[in-house]
Amino acid sequence: MLRRVIFSEESILVANVNGKLYAISCTHHGAPLNDGELDHDVVICPWHGGKAINPTPIMDLPVFEVLTKESDVLPKKR
Ligand code: FES
């Protein structure tokens, strides 16, 4: 499951991978990662087909810790 959430005016992707929530964002081009695909634990960007992992990307995407409170998802910048 891929969902887009807005946190502090930033578009963040929340992915459910085997019941655990992960959150990342694309800051270099602002791709709508929720329109991509989840292939096991890899998010395939809808704009460039996941090429960020091969060849090696020049920088990592921002990663957020994901806290949940009842039905709310609360990303927290690491
Ligand atoms: S444009 Fe940023 S991950 Fe694809």
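The values are calculated or read from the model by the stated rules, or taken from the named source; none is laboratory data. None of the values given here were measured: they were computed from a predicted structure. Glycine also receives a Cβ, built like all others from the backbone with ideal geometry; neighbour counts cover every protein chain displayed.
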So E9, is it within 12 Å of the chain's Cα centre (by Cα), at pLDDT 85 or above and of a type outside the set (A, V, I, L, M, F, W, C)
no
Pairs with Cβ under 9 Å, 6+ apart, first in the stretch 35-50 and more than 13 Å from L61 (Cβ to Cβ) and more than 11 Å from the ligand (Cβ to nearest atom), second in a loop (DSSP other than H, G, I, E, B) and at pLDDT below 85
E37/G50; D39/G50
